[in-house]
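A.B. asks: Have a look at the structure that comes next, please.
Every number in this text was worked out from the coordinates using simple rules, so none of it is lab data. These numbers come from a predicted model, not from an experiment. Neighbour counts are summed over all protein chains in view; Cβ atoms, including those assigned to glycine, are modelled from backbone coordinates with ideal geometry.
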Amino acid sequence: MTQSRTNIAFVGCAHIHTPGFINMLSRRDDVGVSLVWDPDRRRSEFRAQQLNAKVVDSAEAIFADDSITAVVICSETNRHEQLVAQAAKARKHMFVEKPLGMASKDGYAMAQAIEDSGVMFQTGYFQRSEPKNRFIKDLVTKGALGTITKVRGSNAHSGALGNWFRAKPDAVHEDWRWMADPKVAGVGAFGDLGTHALDILLWWFGDVTLATAQVDSVTNTYDGTDESGEGLMRFKSGAIGTLCAGWVDIADPVRYLVSGTHGHAAIIHDKLYVTSQKDARFDGSSPVRNCEMPAPAPHAFELFLDALVGRDVAVPLVSAREAAYRSSVMEAMYEGAKNNTWVAPR
């Protein structure tokens, strides 16, 4: 018996993660891409060839096609609001690459449209699938670290040092220059990478009351676009959080640090160390063993595909409201950096 295939479509192929998603799709026989659209036809033709799909002349052609169950929106961020509204109206399930919005206004508008339509939503916060991050969440939930006092998240790479986002007019499918233009991407390096670590901190500890940041251009590779930043936030629980992100780091040795009144957890050089006065197993002297942690969960995009075909998912999908809130907190940090003040996320 031939297994039926769920048909999806790409609406925009501009994001740097598009090749990775195509690679994931190539390993599946239960989900396939039948249509591709991007404002730049050269880009859509290149990706359609990889996907053995058909190029269409407009996003509307995809939204009007009843054979399409879901869409993958990998467009530039400033196109998200219009495309998400159309997808919601057409009742297409959607994966929208992060960040959802340029800021809070469009982010919450999209969240409302998605919720009103009742469609399935997911975004690219893949760090929720990592065993170490899931293990820390469980420790915090169970109170093994006591009352949390301070937390830190870091997500950095050498993108500006390597000029990863340079314009490539002769290879439009590999031209990621827009991602270093805040007018199109909504953010610079701090927001681009910082949103992943921010998602984890908010996933662990909930909402924040105030936020601020310092963002800087270090090499000025991208005409003043910020390349590094440090954020500061106060959680409603009372814990203080810091967030580091940037494109000018040759390494990122300390990813997360959580400190509480009865212990701490730290991910250092990809090893998780835990000390807990409430759990004798953890004295911080050696890394937590893989067998003590949850099994690795699929990437956020794979989770979406699994949910689309009716499989159980090990990590719940990110809600549209959560995604919008991350855009709101990041907006507050940038506003705080600009005006040298604390800002309450909208």
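A.B. asks: For the charge dipole of the chain, defined by +1 on Lys and Arg C-beta atoms and -1 on Asp and Glu C-beta atoms about the Cα centroid, which residue among Gly206, Ser158, Val56 has the Cα displaced farthest towards the positive pole?
C.D. replies: Of the options given, the answer is Gly206.
A.B. asks: For Glu335, Glu174, what ranking results if the residue with the fewest other Cβ atoms within 10 Å of its Cβ goes first? Walk me through the numbers before you get to the answer.
C.D. replies: Numbers: Glu335 19, Glu174 13.
By the 10 Å Cβ count, ascending: Glu174, Glu335.
A.B. asks: In addition: With springs connecting C-alpha atoms under 10 Å apart, model the chain as a Gaussian network and identify which of Arg177, Arg289, Arg43 has the largest mean-square fluctuation.
C.D. replies: Arg289
A.B. asks: Now, a different point. Using alpha carbons only, how many angstrom separate the centre of the stretch 79-142 from the centre of the stretch 315-346?
C.D. replies: The stretch 79-142 and the stretch 315-346 have Cα centres spaced 13 Å from each other.
A.B. asks: Same structure, new question: Select from Gln214, Gln49, Gln86 the residue whose mean-square fluctuation is largest in a Gaussian network model of the chain (Cα-Cα springs shorter than 10 Å).
C.D. replies: Gln49
A.B. asks: Run the paramagnetic zone check for His17: 7 angstrom along Cα to Cβ, then residues of the stretch 146-186 with backbone nitrogen under 20 Å.
C.D. replies: Within reach of a label on His17, which here means backbone N under 20 Å from a point 7 Å along Cα→Cβ, the stretch 146-186 contributes 153-160, 164-166, 173-186.
A.B. asks: I'd like the distance separating the alpha-carbon centroids of the stretch 278-297 and the stretch 208-272, in whole Å.
C.D. replies: Result: 24 Å between the Cα centres.
A.B. asks: Take the alpha carbon gyration tensor of the stretch 249-346, find the square roots of its eigenvalues, order them as a ≥ b ≥ c, and report rounded if a/c is under 1.5; if not, report prolate when a/b exceeds b/c, else oblate.
C.D. replies: Details: a/c = 2.11, a/b = 1.13, b/c = 1.87.
The shape class here is oblate.
A.B. asks: Ok, one more. Tell me the label-point distance for the pair Lys150, Asp270, using the 7 Å Cα-to-Cβ offset, in nm and rounded to one decimal.
C.D. replies: Going by the 7 Å Cα→Cβ label model, 2.8 nm.
A.B. asks: Let me ask you something else. The stretch 69-156: which trypsin sites (Lys or Arg not before Pro) are DSSP loop and have at most 16 other beta-carbon atoms within 10 angstrom?
C.D. replies: Arg91
A.B. asks: May I pose another question? Once the Cβ-Cβ distance between Arg234 and Arg177 is put in as r, and R0 is 41 Å, what FRET efficiency do you end up with, to the nearest 0.05?
C.D. replies: On the way: r = 36 Å, r/R0 = 0.87.
According to the calculation, E is roughly 0.70.
A.B. asks: Given the options Gly146, Gly310, Gly186, state which has the largest fluctuation in a GNM of the chain using a 10 Å cut-off (strictly under) for Cα springs.
C.D. replies: Among Gly146, Gly310, Gly186, the largest mean-square fluctuation in the Gaussian network model of the chain belongs to Gly310.
A.B. asks: Among [x] 152; [y] 200; [z] 137, which one is volume of the Cα convex hull per residue in Å³ computed from these coordinates?
C.D. replies: The listed entry that was calculated here is [z].
A.B. asks: A follow-up question, please. Which value, in debye to the nearest 20, gives the size of the charge dipole of the chain about its Cα centre, when Lys and Arg are +1 and Asp and Glu are -1 at the Cβ?
C.D. replies: About 740 debye.
A.B. asks: So if R0 is 41 Å, what FRET efficiency would Lys338 and Ala314 give, r being the distance between their Cβ atoms, rounded to the nearest 0.05?
C.D. replies: Step by step, r from the Cβ atoms, then E = 0.55.
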